[in-house]
Amino acid sequence: MERDGSGRGASIIGPPECAAAQACQGKVYAPDYVPALPLPDCGLGDCGCRYEPARK
Ligand SMILES: [Zn+2]
């Protein structure tokens, strides 16, 4: 496992109408804990949720 201390991970970005994505907004998930997409709570079907790699 790679642990360089950089804190890299991913956030989830989604449109305002996706409550599931909004609930995730601002959270950064460690690589091993990034939720699968689409999010279980996403009821929009094709809402456009996506991963945003953490940048630092
Ligand atoms: Zn969604």
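Count of segment 1-16 residues, restricted to those that are at pLDDT below 90 and either within 15 Å of the ligand (Cβ to nearest atom) or surrounded by 11 or more Cβ atoms within 10 Å (Cβ to Cβ) (or both), is 1. Taking every residue in segment 10-34 that is β-branched (Val, Ile, Thr) and pairing it with any residue that is more than 8 Å from the ligand (Cβ to nearest atom), at least 6 positions away or on another chain, the pairs with Cβ-Cβ distances below 6 Å are 12/24; 13/50; 13/52; 28/9; 28/11; 28/54; 34/10.
Could you tell me whether any residue of segment 32-52 is within 11 Å of the ligand (Cβ to nearest atom), modelled with pLDDT of 85 or more, in contact with a strand residue (DSSP E or B) (Cβ under 7 Å, 6 or more places away or on another chain) and part of a helix (DSSP H, G or I)? No, segment 32-52 has no match at all. For first residues located in segment 36-54 and closer than 10 Å to residue 13 by Cβ, partners that are of a type in the set (Asp, Glu) and within 9 Å of the ligand (Cβ to nearest atom) and lie 6+ apart or on another chain with Cβ distances below 9 Å do not occur.
The values are calculated or read from the model by the stated rules, or taken from the named source; none is laboratory data. Since this is a predicted model, take the numbers as computed values, not measurements. Here Cβ is always computed from backbone atoms with ideal geometry, including for glycine, and neighbour counts include all displayed protein chains.
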